[in-house]
Amino acid sequence: MRSTIGVLLAVLISPLAQAELIDEIADRGELRIAVQAENSPYAFKQDDHLTGFDIEFGQALAKELDLRAEFVEAPATEVLAGVESGKYDIAFTPSSESLTGDGPLDVSLPIGEKKLVIPFQKDNPAFESAVNNALQRLKDSGRTAELEQKWFKGVQETAGGQ
């Protein structure tokens with residue numbers, strides 16, 4: 001009986017002991033977004049400033065979450081490991097078989113026509129809900145489609161013409 005109560009208490013207390021990602025981000029007031037600086041049209045430097053779809057969409061997402069966007073340049077080989085370790089809060093990556101809820105990261109719902117997803121640290125349901133709700137608001141307001149049109153118009157026409 002005593003061991004059963006101990007196990008139940010451990011199960012109940014463990015989620016409370018683990019800090020929720022959304023609380024850490026809210027305390028900081030900023031969303032750390034990993035970007036690859038030479039990955040046009042997603043993110044690239046123009047006049048020494050980062051620009052591109054990931055930058056504008058990241059700013060819109062952070063605004064929906066009532067946060068500042070902090071973009072951190074990262075090599076492609078370090079992005080997912082950096083998200084997993086907590087060095088970055090999120091990244092924008094193509095939806096793929098390697099990014100499923102079964103892996104070391106959880107992912108958002110797909111973003112727009114390009115089917116990007118946002119990987120983030122596993123087991124953060126409040127953060128997942130906040131991100132998915134923000135993504136839905138961006139989609140419903142037309143902002144997602146607007147940014148895709150701005151940054152991928154030529155890419156979509158080229159792909160469609162093949």
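The values are calculated or read from the model by the stated rules, or taken from the named source; none is laboratory data. What you see is a predicted model; the values in this text were computed from it and never measured. A quick note on method: Cβ atoms are made from the backbone with ideal geometry, for glycine too, and the neighbour counts reach across all protein chains shown. The accessibility values were calculated without ligands, DNA or RNA, using every heavy atom of the protein model including side chains. Shrake-Rupley method; radii C 1.70, N 1.55, O 1.52, S 1.80 Å.
Taken together, the residues in region 101-136 that are over 21 Å from Leu21 (Cα atoms) and either over 14 Å from the mean Cα position of the chain (by Cα) or at pLDDT 95 or above (or both) amount to 2. Can Ala126 be described as of a type in the set (Gly, Ala, Ser), surrounded by 14 or more Cβ atoms within 10 Å (Cβ to Cβ) and touching a helix residue (DSSP H, G or I) at 6+ places or on another chain (Cβ under 9 Å)? For Ala126, the condition - of a type in the set (Gly, Ala, Ser), surrounded by 14 or more Cβ atoms within 10 Å (Cβ to Cβ) and touching a helix residue (DSSP H, G or I) at 6+ places or on another chain (Cβ under 9 Å) - is not met. Residue count for region 2-46 under the criterion of being outside any helix (DSSP H, G or I), at pLDDT 50 or above and open to solvent by 50 Å² or more (accessible area, probe 1.4 Å): the result is 9. Out of curiosity, is Glu146 surrounded by 13 or more Cβ atoms within 10 Å (Cβ to Cβ), modelled with pLDDT of 90 or more and in a helix (DSSP H, G or I)? When the stated conditions are applied, Glu146 passes them.
Only residues that are closer than 19 Å to Val107 by Cα, touching a residue at least 12 places away in the same chain (Cβ under 8 Å) and open to solvent by 20 Å² or more (accessible area, probe 1.4 Å) were counted in region 47-66, giving 2.
All conditions but one from (1) open to solvent by less than 70 Å² (accessible area, probe 1.4 Å); (2) at pLDDT 90 or above apply to Glu73; the one that does not is (1). Applying a threshold of 6 Å to beta carbon distances and a minimum spacing of six or more residues, or different chains, the list of pairs starting in region 67-92 at a residue that is without any contact (Cβ under 8 Å) to a residue 60 or more places away in the chain and ending at one that is open to solvent by 60 Å² or more (accessible area, probe 1.4 Å) and of a type in the set (S, T, N, Q) reads Ala69/Gln59; Ala76/Gln36.
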